[in-house]
Amino acid sequence: MRILIYGGSFNPPHLGHIRSVRTAAAVLEPERTLLIPAALPPHKHLAEGSPAADRRMEMASLAAAEIPGCEASDIELGREGPSYTSDTLRQLRERYPAAELVFLMGTDMLLTIESWHEPEVIMALASLAVFAREQGREGEIAAQADHLRETYGATVYVLAGEPVTVSSTGVRELLPWRQGREYLTDSVYGCIIRHRLYGARPDLGWLREKAYACLKPTRVAHVQGAEAMARRLALRWGAEESDAAEAAILHDCTKKLTGEEQLRLCEKYGIMADKWELENPELLHAKTGAAFAADQFGAPEHIESAIRWHTTGRPGMTLLEQIVFLADAIEENRVPYPALETIRMAAFEDLDAATELCLRRTVAYVTERGLALYPDTARTREFYLKKLEDKGARPIPWTPQDQ
Ligand code: DGI
Ligand code: FE
Ligand code: FE
C-alpha cells in the first residue's frame, strides 16, 4: 500500500495544492492521500493574523473532500511543540507499518531538506516526490534528486507536472480586496468568508450568487435594485460603495422564511422577539437577516447593523444604515407608492429629509390600513423630524392626501 503525504501550512489550502495532489496521485496511484497541516513549521513562521490550528484543519478537510481518497490529518496539530516531519513520519510508520510513505514536497523543500531536523530519518522512512518543472528549476531539482539518492539512499520521484503558480501568501493578499476566490475551492472560500479569515471581504459576484439563492425568485430584482441604489447613494454621500453593495445584497436574506421559521432562527441566534414582532413576524427578517448574514457570510458589525435596521430605521443611524434603509425603500424596481418619486429625489438632496418623509409615509400607510405602528418606526421618524428642526431645515411638504 502506498500513502501520499502532503504537508504544509495550508494557510489557506488553494487550488494549487489540490492540483499538485491530483497530479501526483495520477502518477503514483496511492491508496490514500493525507493532507497534514503543520502546527508550527520549523522553517516558516505563520503569517500574522493566521487562523487558529483547528480552523486550518477545517479548511484542509474541506480541500481534501475535493480529492478522491484524500483526507486531512491532525497528526501534527495534535502534537506539542514544533512539528518535525521526521516525527510525523515515525508516527505514520507505526500506524502503517507496511505502507510505502511518499512525501510530496515543493521545490524549496527538496532543495533545503538537508537542513531539516533528522533528514536521514525522513529519507529512510519515506520516499520523496517533487514536481520537475516547478518554478522552472528543473536542473537544480534533478541534481538535488541525484545527490539525495547517492548520499542518503533516498527514493525520489521527480514528477513531470505543471508548475504550481498559486501561493497562499498571494491569495491572502488578495482576500481583503474582495479577490482571490478563483484560487480556492468554493468550500474553502466559503469558510474564509464565513469567519472573515485573513481580513477577507467577499467577492460580490460570489455573494450575490449565495444571497440570491436564499431569496424567492421574484425578490431578486428588488435586491438588485437595492444594490444599485445603495451604490449610487454611497457615491453621492461618501460611504464605502462596496460595503453599501454588500449590505444591500444581504439585506433581505431571511425575508422568504415563514413566521415559524423566523422564530426558529431567533432561538438559534438568541434573538429576543418583542410583542410587536411576535404579532408581525414579517418585521423579524431585519433582525434574523442580520444574524444570518453574520453567521453565514461573516458580515462585520457595520454591515450587520445596516441589515438590522433596514426596515424601521433607528434614531441616529450611521451613514451606511441610512443608505441601506433608503435604498430598500426607493430602489428602481419598487412597486410605486405615494411619495416614492419625492423621496427618491430627496435622497440625493438631504438624506435626513428623505428618511423623515419615508417614515412619515410608512406611518400614514400603517394608520390607513389599521396596522400596528411599530415603535421603532415611530421613534426613528420623531428623531429625524427633530434633527431637521435642529438644523433649521423644513420637512418635505407631503401629506397622505398627496399622491
Ligand atoms: O423587506 P422589504 O419588503 O424589501 O422591505 P422592508 O424590510 O422595509 O419591510 C417592509 C415591510 O415592513 C412593509 O410591508 C412595511 C413594514 N413596516 C415597516 N414599518 C412598519 C411596518 N409594518 C407595520 N405594521 N408597522 C410599522 O411600523
Ligand atoms: Fe426587508
Ligand atoms: Fe428589501
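For each pair in 210/287; 268/387; 216/268; 210/255; 255/275; 216/386, compute the distance between the two Cα atoms and list the pairs where it is over 26 Å.
Checking Cα-Cα distances, 268/387; 216/386 exceed 26 Å.
Between rounded, prolate and oblate, where does region 211-276 land on the alpha carbon gyration tensor, with a ≥ b ≥ c its root eigenvalues, rounded for a/c under 1.5, else prolate if a/b exceeds b/c? Prolate. Our summary gives the chain a relative contact order of 11 percent, counting only alpha carbon pairs under 8 angstrom and 6 or more residues apart. Its DSSP H runs of at least 4 residues, each contributing -39,500 (n - 2.57), put the calculated 222 nm mean residue ellipticity of the chain at -15500 deg cm²/dmol, to the nearest 500.
Quick check: from the Cα gyration tensor, does region 299-403 come out rounded (a/c under 1.5), prolate or oblate? Since a/c stays below 1.5, the shape of region 299-403 is classed as rounded. The order of the peptides 59-72, 9-22 by mean Cβ neighbours within 10 Å, most packed first, is 9-22, 59-72.
I want the local charge near residue 367. Using Cβ-Cβ distances under 14 Å, sum +1 for each Lys or Arg and -1 for each Asp or Glu among the other residues.
On the way: positive: 360, 361, 369, 381; negative: 368.
Result for the local shell: +3.
Sort 288-299, 214-225 by packing, meaning the average of other beta carbons within 10 Å per residue, with the highest value first.
Working: 288-299: 22.5, 214-225: 15.6.
My ranking of the peptides, most packed first, is 288-299, 214-225.
Provide the net charge surrounding residue 204, with neighbours chosen by a C-beta distance below 12 Å and charges set as Lys +1, Arg +1, Asp -1, Glu -1. The partial results should precede the final answer.
Working: positive: 178, 181, 201, 208, 210, 231; negative: 203, 209, 227, 241, 243, 246.
Residues near residue 204 contribute 0 overall.
Would you work out if region 235-359 is rounded, prolate or oblate? Take a ≥ b ≥ c from the square roots of the eigenvalues of the alpha-carbon gyration tensor; rounded if a/c is under 1.5, else prolate when a/b is larger than b/c, oblate otherwise. Here region 235-359 falls in the prolate category. Once you reduce region 87-106 and region 198-264 to the center of their Cα atoms, the two points are 48 Å from each other.
Take each peptide in 126-132, 167-173, 248-254, count the other Cβ atoms within 10 Å of every residue, and average; sorted highest first, the result is 248-254, 126-132, 167-173.
Every number in this text was worked out from the coordinates using simple rules, so none of it is lab data. This structure is a prediction, so every number in the text was calculated from the model and none was measured. Neighbour counts run over all protein chains shown; Cβ positions are idealised from the backbone, glycine included.
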